[in-house]
Amino acid sequence: MKLKWENDGSIKTPAARARGLGAAHEGVKNWWRLRVAAVAALPLTLWLIWSVVHMQGWSYAEFTNWLAHPVNAVLMILSVLAIFYHAALGSREIVEDYVHHEGFKLFKLIAMQLFFFAAAVACIFSVLKIAVAG
Amino acid sequence: MGEGLTINQIAFEIRAVLPIIGAMADAPKTAARPLSPHLQVYRPQLTSMTSILHRVTGAALAVGTLMVVWMLLAAATGMGAWITFQNFAASPLGLLMLFGWTVALYYHLCNGIRHLLWDMGYLFAIKDAYRAGYIVLALTFVLTVLTWWIACPWSGG
């Protein structure tokens, strides 16, 4: 596997190629996305906690009725998107910083991205099923 | 000592040569040095501990998202699956996990705001960084207690 800082015929020095790229080898793109997702997740998480706290002793019908309401369904889908995207990027950052074996790192990164994507799809499908199909 | 060399000139020569000798003496050592200060040689401070805790709680919350997945999948599956989830959430282990989840979440949320303020260029003075750290810990405590006070069936909330 060719790493981004390895020289592939360019006249740039390895230092010049690596400068500003950091542990992710691709600069600040995901750093910025992580923060945007954090700002989005902030009010949504507070809404989620507030809602769950009031669900004590709810029956199945009470919960599904609540989730079927358009406002709750949309807020739940937005929460899932913001939280899982933030979680995927955050755990990616941790692995990039602490896992140094390139092969294992690649495996962990792929596994985590797939896990969070699958988890988000499962959540969104569930919300849609309750809200749309009843 | 050669003629015509003053003390100042000798001192100048020595000063010119010292860095070279120093570099030669250091050369074998530098290879084995750690690249950055590491945990074993670092005295724990509030700033480093809150930073590590931010990542630990973040990782815990990422795993904790499984509870959200279970809750929504169970609700979409049907009454039986939902009751299984609800029974687990109300069990001692479930409540302990939910409690840990709220502590981790409030900490990560408050300290996340502290990180966003750093990103915007605030709180860089050591005093401010520490003060914000204490505020984060206090807020985590207050918000967790408040949430469980409201959630408690016997609080009437």
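Tell me whether region B:66-76 contains one or more residues that are out of contact with any Pro (no Cβ under 7 Å at 6 or more places or on another chain) and more than 12 Å from chain A (Cβ to nearest Cβ).
Within region B:66-76, not a single residue is out of contact with any Pro (no Cβ under 7 Å at 6 or more places or on another chain) and more than 12 Å from chain A (Cβ to nearest Cβ).
One line per residue, one yes/no per condition, for (1) out of contact with any His (no Cβ under 6 Å at 6 or more places or on another chain); (2) under 30 Å from B:LEU137 (Cα atoms); (3) modelled with pLDDT under 95:
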{"site": "B:ALA11", "(1), (2), (3)": "yes, no, yes"}
{"site": "B:ARG15", "(1), (2), (3)": "yes, no, yes"}
{"site": "B:PRO19", "(1), (2), (3)": "yes, no, yes"}
{"site": "B:MET24", "(1), (2), (3)": "yes, no, yes"}
{"site": "B:SER36", "(1), (2), (3)": "yes, yes, yes"}
{"site": "B:LEU39", "(1), (2), (3)": "yes, yes, yes"}
{"site": "B:THR47", "(1), (2), (3)": "yes, yes, yes"}
{"site": "B:LEU72", "(1), (2), (3)": "yes, no, no"}
{"site": "B:ALA76", "(1), (2), (3)": "yes, no, no"}
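If I filter region A:36-56 down to residues being without any contact (Cβ under 8 Å) to a residue 12 or more places away in the chain and within 19 Å of the chain's Cα centre (by Cα), which single residue comes out as nearest to B:PRO153 (Cα to Cα)? I'd like the intermediate steps shown before the answer.
Within region A:36-56, the first condition is being without any contact (Cβ under 8 Å) to a residue 12 or more places away in the chain, and the residues that meet it are A:36, A:39, A:42-43, A:46, A:49-50, A:52-56.
Now restrict to residues that are within 19 Å of the chain's Cα centre (by Cα): A:36, A:39, A:42-43, A:46, A:49.
Numbers: A:VAL36: 36, A:VAL39: 32, A:LEU42: 27, A:PRO43: 25, A:LEU46: 20, A:ILE49: 16 Å.
Ranking the qualifying residues of region A:36-56, first place goes to A:ILE49.
Is it the case that some residue within region A:92-110 is touching a Gly at 6+ places or on another chain (Cβ under 7 Å) and either among the polar types (S, T, N, Q) or over 26 Å from B:TRP148 (Cα atoms) (or both)?
Narrowing region A:92-110 to residues touching a Gly at 6+ places or on another chain (Cβ under 7 Å): none.
Among the residues of region A:92-110, not one is touching a Gly at 6+ places or on another chain (Cβ under 7 Å) and either among the polar types (S, T, N, Q) or over 26 Å from B:TRP148 (Cα atoms) (or both), which makes the answer no.
Among B:VAL41, B:VAL56, B:VAL136, which is touching a residue at least 60 places away in the same chain (Cβ under 8 Å) and either in contact with a Phe, Trp or Tyr (Cβ under 8 Å, 6 or more places away or on another chain) or more than 30 Å from A:TYR60 (Cα to Cα) (or both)? Quick ask: steps written out before the conclusion?
Numbers: B:VAL41 fails: touching a residue at least 60 places away in the same chain (Cβ under 8 Å); B:VAL56 fails: touching a residue at least 60 places away in the same chain (Cβ under 8 Å).
Matching residue, one of B:VAL41, B:VAL56, B:VAL136: B:VAL136.
If you go through region B:85-105 one residue at a time, how many are among the β-branched types (Val, Ile, Thr) and within 11 Å of chain A (Cβ to nearest Cβ)? Walk me through it before giving the result.
Narrowing region B:85-105 to residues among the β-branched types (Val, Ile, Thr): B:102-103.
Then keep just the ones that are within 11 Å of chain A (Cβ to nearest Cβ); that gives B:102.
Residues flagged as among the β-branched types (Val, Ile, Thr) and within 11 Å of chain A (Cβ to nearest Cβ) within region B:85-105 amount to 1.
Within the bounds of region A:73-94, is there any residue that is more than 17 Å from B:GLY58 (Cα to Cα) and over 17 Å from the mean Cα position of the chain (by Cα)? Steps first, please.
Of the residues in region A:73-94, the ones more than 17 Å from B:GLY58 (Cα to Cα) are A:73-78.
Narrowing the set further to residues that are over 17 Å from the mean Cα position of the chain (by Cα) leaves A:73-74.
Scanning region A:73-94 turns up at least one residue that is more than 17 Å from B:GLY58 (Cα to Cα) and over 17 Å from the mean Cα position of the chain (by Cα).
Yes/no per residue for (1) more than 10 Å from every other protein chain (Cβ to nearest Cβ); (2) part of a helix (DSSP H, G or I):
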{"site": "A:ARG35", "(1), (2)": "no, yes"}
{"site": "A:ALA38", "(1), (2)": "no, yes"}
{"site": "A:LEU48", "(1), (2)": "no, yes"}
{"site": "A:VAL52", "(1), (2)": "no, yes"}
{"site": "A:MET55", "(1), (2)": "no, no"}
{"site": "A:HIS100", "(1), (2)": "yes, no"}
{"site": "A:PHE104", "(1), (2)": "yes, yes"}
{"site": "A:PHE107", "(1), (2)": "yes, yes"}
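Confirm whether B:VAL136 is in contact with a Lys or Arg (Cβ under 6 Å, 6 or more places away or on another chain) and closer than 21 Å to A:TRP50 by Cβ. Break it down into steps so the answer makes sense when it comes.
Numbers: in contact with a Lys or Arg (Cβ under 6 Å, 6 or more places away or on another chain): yes; closer than 21 Å to A:TRP50 by Cβ: yes.
Yes, satisfied.
Would you point out the residue of region A:12-33, among those that are within 21 Å of the chain's Cα centre (by Cα) and part of a helix (DSSP H, G or I), that is surrounded by the most Cβ atoms within 10 Å (Cβ to Cβ)?
Checked region A:12-33; the qualifying residue surrounded by the most Cβ atoms within 10 Å (Cβ to Cβ) is A:ASN30.
Is at least one residue of region A:117-132 within 15 Å of B:ALA62 (Cβ to Cβ), more than 10 Å from chain B (Cβ to nearest Cβ) and not basic (Lys, Arg)?
Yes: one or more hits.
The values are calculated or read from the model by the stated rules, or taken from the named source; none is laboratory data. Keep in mind it's a predicted model, so treat the numbers as computed, not measured. Because the Cβ atoms are built from the backbone with ideal geometry, glycine has one as well, and the counts that use them run over all protein chains shown.
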